[in-house]
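Report on one structure; see the data block that follows.
The numbers here are math on the coordinates, done by the rules we state, and not lab data. This one's a predicted model, so the numbers in the text were calculated from it and none came from an experiment. Cβ coordinates were reconstructed from backbone atoms using ideal geometry, including for glycine residues, and neighbour counts include every protein chain displayed.
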Amino acid sequence: VLVHTEDITDKKIAEEKLRKSEKKYRNIIENSKDAIVIVGFDGKYKFVSPQLSKMMGREINLKSNLFDKIHPNDLKDLIKFFSEAIRQKQVLEKSEVEFRTLHKDGYYIWLSSSSKNYYDKNGNVVGFITLLRDITDKKRAEEKLKESEEKYRHLFENSPFSILLVDTRGNIIESNSTIEKLYGIKKEEILDKNYKEILPLFKLSELQDLFEDRIKKVLGGIITPSIEIPSYIEDGSLVWINLHSSFSEIR
């Protein structure tokens, strides 16, 4: 009987390291909040992490493709982006794309995708590794903020009171339409100018010291009571203005 022995300790150590490495990365992928998918040039999935099923509320069929269930308004741009990437066989410089896809319960969720090239063992690009992140809450917050901004913009523009926003250096950064209606002064004539430059337009040059004092007090946190001052409107008529000043932090 011929017995042949071979020291395979290094092989076993390498296999154990590989097993631990695979387990570590599998745990990272399976427990990540983001979904990781590998998409071939045909648009079909080659790998899908479990998180995508959680996002979509349904199991993802590997025979399906990335474009299934995409919102009609986003589909054209998404196909165009990936078609160009497939044509060039590499991820485009701007690899981040946001789009909506249909949840099992019938509503759309927003996903952000960020892609990298996926290579085979010979170093050839054969698809893309794509990270998908659920940004639905972010998009909803942005939409609410937009609606709020539009609402307050409407109130600002349609206020019966003339409103000027002045920064800490005394420069006009915004005005509403009532200024133009009352004085016949267009917004473009006063924006980005210092309040000292526009006082003559309102026939208020002699009150420069008063305005300067009020601005200093407001910036210093001192409450300034409303005061009544005379002014002249577009047709030359004398009007009395109730001047109110307050500090507002604008970001």
Surpassing 32 Å at the alpha-carbon level, of the pairs Lys116/Lys138; Lys181/Lys216; Lys80/Lys186; Lys144/Lys196; Lys46/Lys144, are Lys80/Lys186; Lys144/Lys196; Lys46/Lys144
Nearest 10, in degrees from 0 to 90: the angle of helix 72-88 to the longest Cα principal axis of the chain is 60
Sorted largest first, the C-alpha extents of the chain along its principal axes in whole angstrom are 121, 41, 36
Correct semi-axes for the stretch 36-147, from √(5λ) of the alpha-carbon gyration tensor and rounded to whole Å with the largest first, are 25, 16, 12
Kirkwood Rh for the stretch 93-195 from C-alpha pairs, in Å, is 18.4
Residue-ordered couplings for the stretch 225-237, obtained by feeding phi - 60° into the Karplus form 6.51 cos²θ - 1.76 cosθ + 1.60 and rounding to whole Hz (Gly and Pro as x), are x, 5, 10, 9, 10, x, 8, 10, 8, 3, 7, x, 6
Among Pro72, Leu132, Trp110, the residue whose Cα sits farthest towards the positive end of the charge dipole of the chain, when +1 is placed on the Cβ of each Lys and Arg and -1 on the Cβ of each Asp and Glu, is Leu132
Measuring from its Cα centre, the chain shows a charge dipole (+1 at each Lys and Arg Cβ, -1 at each Asp and Glu Cβ) which, in debye to the nearest 20, is 1480
Taking Cα atoms only, helix 136-157 is inclined relative to the longest principal axis of the chain by an angle, in degrees rounded to 10, of 10
Hydrodynamic radius by Kirkwood for the stretch 159-243, inverse mean 1/r across distinct Cα pairs, in Å, is 13.4
Along the stretch 42-48, Karplus-curve 3J(HN,Hα) (6.51, -1.76, 1.60; θ = phi - 60°) to the nearest Hz, with x for Gly and Pro, reads 8, x, 8, 6, 9, 8, 9
For the chain, longest principal axis from Cα atoms; helix 208-219 axis from its Cα atoms; angle between them, nearest 10 degrees, is 40
Scan of the chain for chymotrypsin sites (Phe, Trp or Tyr not before Pro) in DSSP loops with at most 12 other beta-carbon atoms within 10 Å gives a longest site-free stretch of 1-106
Rounded to the nearest Å, the spacing of the alpha-carbon centers of the stretch 128-188 and the stretch 36-62 is 40
